[in-house]
Every structure is written in structure tokens, then in C-alpha cells.
Amino acid sequence: MCINDRFIGGTELKQSIYTVESNKLIASNVYEIVLSGDVSSIVSPGQFVNIKLDGLFLRRPISVADYSADSLTLLIKVIGEGTEALAAMKEGEKLDLLTGLGNGFDLGKGSKSPLLIGGGIGCAPLFMLCKQLCDGGTKPTVVLGFNDKSEIFYEEQFKSLTPNVIITTVDGSGGVKGFATDVIANIDYDYFYTCGPEPMMRAVSKAVVTDGQYSFEERMGCGFGACMGCSCKTKTGSKRICKEGPILESGDIIW
Amino acid sequence: MVNTKVNLCGIEIDNPVIPASGTFGFGYEFAEIYDINILGTFSFKGTTKQERFGNPTPRIAECTAGMINSIGLQNPGIDAVIKEELPKLKSCFHKPVMANVSGFSLEEYAYVCAALDKEPQIGWIEVNISCPNVTKGGMDFGTSEEAAASVTKAVKKATTKPVIIKLSPNVTNIASIASACEAAGADGISLINTLLGMRIDLRTKKPVIANKMGGFSGRAIFPVALRMVYQVKKAVKIPIVGMGGISSARDVIEMMLAGACAVQIGAENLINPFACKEIIESLPDEMNKWGIKDISEIVGGAH
């Protein structure tokens, strides 16, 4: 082992084989995949796994939505070849994962009333975050934004954790009509966490009045800091989304 | 017991397996997961005179049995490499390391090589005249015999370390460029860098890579790399480091039969971080399988 001062958060990178326990369609094009296996390297919400899939060269980075002693849950939206292959996985099939990737959300901000803002499939990593914040004694307010009713997922799961869950849809077919950012002004919060498409997070950055954390995504080569494929510029120098990210603090981001 | 040791430009290495530049950083990410001292050596991230952020993202695209990258030589610059990266590298890697350098002018190449010449842990300098991802310099130096020879001469003047010139496959006749480098004083040749490639996203109907094109690497390019190593072996007497799509001990042997005295592993490290470790560990069994006692004896055996 050698000291690496660029290593922020995260844990030991592990490669192992996981078994698909279940794979369910839970909303339009959105699947919930539960895997069993070694989750010892997953230590904080907002971390991701990198998945090897038959017929594809590069692994696919997917954020962890939930994890327990011996299983983890991935929520995926079918967008391209990788997510198509994941959606087709059947119970009992095996997957090769790298775990322990990314820094994860920093929960140690002393927030008494955190706000969680999710957009589409970006709501996924906020679930474990919400769970851990609730376990820590705070009841966050959660805003989950979707395009329409068919895309809404995990509404009940979030509501089982905290009473303050607001659903928005762009077309008004479910919850409050509008964008997730439209409802923020009426909420009392002292810190925020957000994950969603970049245009949404950009809108969040204009709507919020406190510091917070953003979860970013980028096309990755390796997922563990070797290839510099996912670098971005920040106020404190260049960072790798896979290693120093995917969570960046609001004061660090150059929009 | 088989012998996996090879001599690369006067330095003996324990085995011919070398992680390729740009896929192994300065070693730390891998030192966290296995003891990287099992490697023959490794070629560190391409270093330039000035710090570079590199190209806009997306920098990565999926391909059948391979990938495209367009990093654009992101690196902290030679001063930071010497001051910060090399001391850290020394703490986790205790063998001579291969420095990989790039430049945008002959002066820059010479400047970086001269600075590295004073660093005791640098065993070889691999000079990249084949980066497809920068607009000036880079590959321009690797696509004509004259330019390749002029870089070779400039860096040979700047350092006493063995100089290995890394060639581009995006040329009409790679053997003649290798010969020009040899005549200009190169101690070794490494090849191939990535093949210029492209993907288009059907949703946006635009190139996936922000820089439009990038370097294609991975298993798919192995036969092309093998063919070029074979051609260069016919043209030069200096040692060849073969790379391009190697993913197994079997590929290592095949590449050495074509003429490589050592090999580099690139894209495979990104999809399997334990790739080099697994290849090194399986090499003795693979040698036994094919009746090979001493790996250095098979170099160029296919000719």
C-alpha cells in the first residue's frame, strides 16, 4: 500500500461475482435489480459499482440505490446497450462487479433539515442516502422529479422513511405539476443533496439557498481513477468523477 | 521452472509484462489492489512540459471488443511529476519505471527528457510521437520519417537513458518510420499506439466523443498490432515493445513470436484492474504448455 493523497473517500476496490436475486420493471423503462454478494466495499450512499456485461467491452457504472449485509439494489433506466443488457438479466444469473467506487455522499455536515432533490433515475442513489439520514435521526424533505406519472418509482419506499416526500411531474400527470426545482422555494432546509440530469442540477444550483452536494455522471473508461476518461474542472483543480467524485460539493463546482 | 526474464535495452526485467501509459496512472490506483512490484515495469502517464487538463468529455466510447479514448494527454506537467508523483511512485514501486513523454515541439520533448534524465528511478524514456488526440504535435511527429528522426535525435541529445520511440499505426509504412528512428539513434521501438477511430450516438446523431475522433484500442486491434510488430521486426535490430489488444498470456507469447522482446497491456487494465497480475501469474503455465523454457528465446521466432 502506498499513500495517495488524491484518494478521497471511497474504499478498497473489490472485484467479485454477484447473483441476480430479482429483476423487476418498476416504472416506464426503469428496473429494480437486487444482487447478492460481497458488499463489504460499499460504505456510503452515492458510491457506484462498475458492471461487466457479456458482449460489451467497457464496464457500466451504476450507482447503488440500497445495500444491506449481503445484497445491493440497483435502479436502472434503459438508455443504451449496457442498460438493455442489465434489464434482460434473469434471476439466478451472475454478474461481475467492481465495488468500492467513488467517494459517496458526505453525511457529516451537521444538517438538521436536509433537502434531497432527485431527477428521474437520479433519484436512485438518494434512497440509501435518505435511509441513512433517517437512521441518523433527521427526517429529510425529499423532492423527486419525473417527466410523467409512468416514470415515477420508489414513491412508497421514500414515504416509508420520511413523511416529507414531494413528487413532481413535468406534465402534471402525477404529484405537483412542474419541475423539482419549482417547489424548492417553499421548503425549509439547511443543506441539500441532489442527483439528476445535468440541466436539472444546473437549475438546482440557481434555486437553492444553502450549500450542498451534487452527484455527477460521466462516460467512464475504468471507474477507478486510472484512465482520466471522466475528468472535470473544479475550483480546486481537475477531478475524476469516478474517484474524487461522483459527489462534488457546491462550492467546488464550475457550472 | 521457466525463465520469464527479458532484457529491455540493457535493463533486465523480471517478466515482459508492462502496463501501458495512460492506463495505469502513476501506479497508485493499482498499488491499492495488488503489489505492483510483480510487474516487469510500467509506463507512467504521458507527461508534457506544461500541465494539461486534456480534452472535453465525453472522452470514452464503447466499441466491439474495444474502446475509443480521447483524453488529450491530461497530466500535471513535468515539474509536478518530478516533485509530487515520482516520490509517491517510489513508495509503492521499487523497480526502474518507464517514463512516457509527449511534446508539441522538439524543444518540449528535449526539455522533459532532460528533466527526467536526473531521476534515478527512470529506467527508460518512452517517447510518444503518436498521440492521436491533440491538434498539433503528438501524432504529427510520428507520421513522417523525417519528423520521427528529428524527435529521436533531439531526445537522444537530452538524455543518457535508453530511449524507446512509441509509434503510430496511422501511417502508410510503419517499418520505414521505425528504421528512421533506429538510424537516428533510438534504443528501442514501442508499437502500436491507438488507431484513429470514431463512434456516432444514434440518439443525438452526433459523435460520441466530444473531440469527434479518438484512439481505438482493446482486444479488437490485436491482429493489426501483431502484424505491425512483425513488419517492424523485419526492419530494425533494436528491441521492440509490442502492444495493442493483448489480454492474455497466450497473446504475450504470440506478440513475442512476432518480434517483441517485451509487451505492454493497455485497455485491458481498464476493464480488468487485475489483468497484468493475472497475465504474469499465468505466463509460466502458458510457456510450459507450448514447450517454452526461456521467454527471451522466442523473440521473433515466427520469422
Space enclosed by the convex hull of the alpha-carbon atoms of the range B:6-298, per residue, Å³: 117 Å³
Long pairs among B:Lys166/B:Lys237; B:Lys49/B:Lys166; A:Lys206/A:Lys243; A:Lys206/A:Lys233, criterion Cα-Cα beyond 21 Å: A:Lys206/A:Lys243
For B:Arg227, the net charge from surrounding residues (Cβ-Cβ under 14 Å; K, R +1; D, E -1) works out to 0
For peptide B:55-61, compute the average count of partner chain beta-carbon atoms within 10 Å of each residue's beta-carbon. 6
Taking the convex hull of Cα positions in the range B:77-172, its mean projected area over all directions (nm²): 6.2 nm²
Above 20 Å lies some portion of the pair distances; for the range B:58-117, what is it as a whole percent of all C-alpha pairs? 45 percent
Can you work out ³J(HN,Hα) from phi for every residue in the range B:222-239, in order, using Karplus 6.51 cos²θ - 1.76 cosθ + 1.60 and θ = phi - 60°, giving whole Hz and x for Gly and Pro? 3, x, 5, 4, 4, 4, 5, 4, 4, 5, 5, 4, 5, 9, 10, 9, 6, x
Ignore the peptide's own chain and count Cβ atoms of other chains within 10 Å of each Cβ in A:56-63; give me the average, rounded. 4
What Kirkwood hydrodynamic radius, in Å, does the protein assembly as shown give when the mean of 1/r is taken over all pairs of distinct Cα atoms and then inverted? 24.6 Å
Which FRET efficiency value, to the nearest 0.05, do you get for B:Glu107 and B:Glu281 by plugging their Cβ-Cβ distance into 1/(1 + (r/R0)^6) with R0 = 41 Å? 0.40
Shape verdict for chain A, please, from the Cα gyration tensor: rounded (a/c under 1.5), prolate (a/b greater than b/c) or oblate. oblate
Could you list log10 I(q)/I(0) for the range A:7-114 at q = 0.09, 0.13, 0.23, 0.24 Å⁻¹, which the Debye formula gives when each Cα is one point scatterer? -0.23, -0.47, -1.29, -1.38
Summing +1 per Lys or Arg and -1 per Asp or Glu among the other residues with Cβ less than 10 Å from B:Pro207's Cβ gives +3
Counting other beta carbons within 10 Å of each residue's own, what order do B:Met287, B:Met255 fall into, fewest first? B:Met287, B:Met255
Output field shielding_mean for B:67-76 (other chain Cβ, 10 Å radius) holds 3
May I ask you to list the residues of the range B:250-273 whose amide nitrogen lies under 19 Å from a point 7 Å from Cα along the Cα→beta-carbon direction of B:Thr64? none
Cysteines (scope chain B) whose Cβ has no counterpart Cys Cβ under 4.7 Å: B:Cys9, B:Cys63, B:Cys113, B:Cys131, B:Cys181, B:Cys261, B:Cys276
Please report, in cubic angstrom per residue, the volume enclosed by the convex hull of the alpha-carbon atoms of the range A:103-160. 78 Å³
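Every number in this text was worked out from the coordinates using simple rules, so none of it is lab data. Just so it is clear, the structure is predicted and the values come from calculations on it, not from any experiment. Here the Cβ is made from the backbone with ideal geometry for all residues, glycine too, and neighbour counts use every protein chain on show.
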